Amino acid sequence: RGHITLCAPPHTSRTVDYVIFVLLLVASAGIGLYYAFSGGRQRTTQEFLLADRSMSCLPVSLSLLATFQSAVAILGAPSEIYTHGTQYWFLGCSYFLGLLIPAHIFIPVFYRLHLSSTYQYLELRFSKSVRICGTVTFIFQMVSYMHGDVYQIRYFHAFPLVNVYLNLFVITVTGFDLWGAVLAMGLVCTLYTALGGLKAVIWTDVFQTIVMFAGQLAVIIVGTHQAGGIAEVWKKAQNGSRISGLDLNPDPLERHTFWTLGVGGVFLMLALYGVNQAQVQRYLSSRTEKVAIMSCYAVFPCQQIVLTMGCLMGLVMYARYGEESPLDKGYVKSNDQMVLYFVMDVLQDLPGLPGLFVACLFSGALSTISSAFNSLATVTMEDLIKPHVAPMTEARATLLSKMLALGYGLVCLAMAYIASLMGSVLQAALSIFGMVGGPLLGLFCLGMFFPWANSTGALVGLVSGLVMAFWIGIGSFLSRMSASALPVMNTTITPDVGNMTTALMTTLITSKPRFQALYSLSYMWYSAHNSATVVVVGLLVSFLTGKVCFQTNQTLYV
């Protein structure tokens, strides 16, 4: 289980490729051990969870970039460009407002309140119950996305999420030992996160970001050279109708247009860079508010470079294969695997470079997973344990935080193993990260922009946003399954409860044609739609249940 058979694998990893992979793990572990046993030994929770609020602009900005630049995103963009053309490139238009708004609205609020957890704001603004609900929602979001099924990426690859199961076919394609590499990655990541704290996570992110850039750049340079130069690559892409113009179609049901990418993408960016605990924690680790804002600014050109490299890789891939892709020939089973096949095909005669790209993918996975561990440990400690237990010493609190990071690391490995055993069952699981991010964004916007919103409105709004998110998400997924699921249901009777449940849900979904437009909504609008649901419902309920008493601390509002 967990293996994918290729008809014609172009490359098997050589010793030098294994060496590069091992060096990545050793360097990552070394950084964690250095910060665990050097002068600053993470003796307090502020040192462990917030890097003692001492970080400078460069490491924070690169860590912000790496946190959600997962292996899924590295594979997703080239696949999208190869299949659908360069329309996806317009996502870069959303980066400006998507980073400018957090820099001047969310960061000042969180930084001036001297928070450790984003969800402390919800108690200051609303109530303890809202804080707990927000925290539990975030934990559910982050734990769920650590084990999503790899085949679901093709529908939600633009929602950056950690997908440990991704590595189950990365390793198979490249010739690396399956569980040996997964366990090595998971244990090293858990080690440096649990021992070195946020400072180790940030500095390993810096190192891993450089590896990611190097791996992608190597593929682009070698692939472009083999294709006859960048002009030839562009010419072949134009001849193949892969160079897209500006599509101003306002229809929100269209998958990718300028509006879905440039405007809908803003809300996706806000959910990631505005209110997500993993990112906010990095802002809060900065030595000053100005440094935090500058770090957010610095992400903008880096994101543009990352997007450009992903798109160029897709164009180079098209220049190499044209319409006769390895997917059509049966060498691979999905577009994401095709990217890996292309990389190994291009780099097969260059020892070390295949290993560099594998290290690039694992760097993406490591940076995202370690951020998840650290942020989960922080919210669990600050929001669920400290407020409900007797005061504890800093030493004990720090030890408990390290144990939480270790525990979440082991949970991640266990879930990766379960994912490999469950196989196709997990294909029914949607991108929890993408669905839950919108409602959480709406909850914070409700608190910051609408002083008359109360805690009852916030709770009802959050629940309504989550219900709407899962309704649209599950409906969209099942409606896509209906074409193949319904014929099977009509001709086959099976005692499998899972299949029967899926068939029943599919029937219910497809029997409501009036909802089909809602299920056809572009995934780029999910965050905007779900956050708007929280705000609208929250305001209506607040008006019906009475206005909230204004807080005296004006820092709580924008």
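Given segment 283-421, report the % of alpha carbon pairs whose separation exceeds 23 Å.
60 percent
Beyond 16 Å, what percent of the Cα pairs of segment 349-416 remain?
59 percent
Ignoring ligands, DNA and RNA, what percent of the 1.4 Å accessible area of segment 215-269 is carbon and sulfur?
On segment 215-269, the fraction of accessible area on carbon and sulfur atoms equals 62 percent.
Taking the convex hull of the Cα atoms, report for segment 299-377 its projected area averaged over all directions, in nm².
Computed as one quarter of the Cα hull surface, the answer is 7.0 nm².
From largest accessible area down, sort VAL358, VAL222; use a 1.4 Å probe on the protein chains.
Accessible-area ranking of VAL358, VAL222, largest first: VAL222, VAL358.
Determine the per residue accessible area of segment 215-322 with all protein chains present and a 1.4 angstrom probe, expressed in square angstrom.
38 Å²
Determine ³J(HN,Hα), in whole Hz, for all residues of segment 290-296 in sequence, where each value follows from phi through the Karplus function 6.51 cos²θ - 1.76 cosθ + 1.60 and θ = phi - 60°; x replaces Gly and Pro.
So the J values, rounded to whole Hz, are 4, 5, 4, 5, 5, 4, 5.
Hey, if we sort PHE126, PHE300 by accessible area with the 1.4 Å probe, largest down, what's the order?
PHE300, PHE126
So how do 379-385, 347-353, 31-37 stack up, highest first, on mean other-Cβ count within 10 Å?
Answer by packing, highest mean first, reads 379-385, 31-37, 347-353.
The values are calculated or read from the model by the stated rules, or taken from the named source; none is laboratory data. Just so it is clear, the model here is predicted, and its values are computed rather than measured. Because the Cβ atoms are built from the backbone with ideal geometry, glycine has one as well, and the counts that use them run over all protein chains shown. SASA here: full protein model, heavy atoms, side chains in, ligands and nucleic acids out. Shrake-Rupley method; radii C 1.70, N 1.55, O 1.52, S 1.80 Å.
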